[in-house]
Every structure is written in structure tokens, then in C-alpha cells.
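Peer 1: Just dropping this structure here.
Rule-based calculations on the coordinates, nothing more; no lab input. All of these numbers come straight from a predicted model, not from anything done at the bench. Cβ coordinates were reconstructed from backbone atoms using ideal geometry, including for glycine residues, and neighbour counts include every protein chain displayed.
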Amino acid sequence: MKRTVKQSFIASVHDDYMDQIDQIADQLKSKGCEIKDVLKISGVITGKVKMHVNLKDLQIEGVVSIEKQRIMKKK
């Protein structure tokens, strides 16, 4: 079985849309995203999507920014 390579992302939700964060996460799911966490207090949604998907295509109403999640490594 072929494994699909995915990229991790972080989406920041606008303050005015904080009460709709679960609906925003559902909209991202409908665009093919796998949602990992919905952090309601900080207004952040984390997840994964197929590598070939342009993160700009995931921009929806209520999302301030969506960017590739970067992994911090210990030195």
C-alpha cells in the first residue's frame, strides 16, 4: 500500500471568529485536511494535508494565516 506524504500546518483564527473555531476546523476537513488539534484559547488549529496541496488554497473566512508547521530540534 502506497503511503501518502503529508505536510503539517498551523492555522491562526481571527479573534472575531473564535466562537466558530470548530466550524472552521470542519471546513478545513472538508478541504481534505486531517485535523490534529483545535486550541480554542489560543485560536490555533493544527493538522496535516497532502503534500501537493497549496496551503494558500486552504485560506477560508475566519483564518488569519495558514502556514507550514516547522519542527524545532534540540541542539
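To keep it simple, each residue is scored yes or no on (1) surrounded by 13 or more Cβ atoms within 10 Å (Cβ to Cβ); (2) without any contact (Cβ under 8 Å) to a residue 24 or more places away in the chain.
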residue	(1), (2)
Ala11	yes, no
Asp15	no, no
Gln20	yes, no
Val49	yes, no
Asn54	no, yes
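Peer 1: Tally up the residues in the stretch 22-47 that are β-branched (Val, Ile, Thr), over 15 Å from Gln69 (Cβ atoms) and surrounded by 12 or more Cβ atoms within 10 Å (Cβ to Cβ), please.
Peer 2: Total meeting the criteria: 1.
Peer 1: Being touching a Cys at 6+ places or on another chain (Cβ under 6 Å) and surrounded by 14 or more Cβ atoms within 10 Å (Cβ to Cβ) is the requirement here; does Gly62 meet it?
Peer 2: No.
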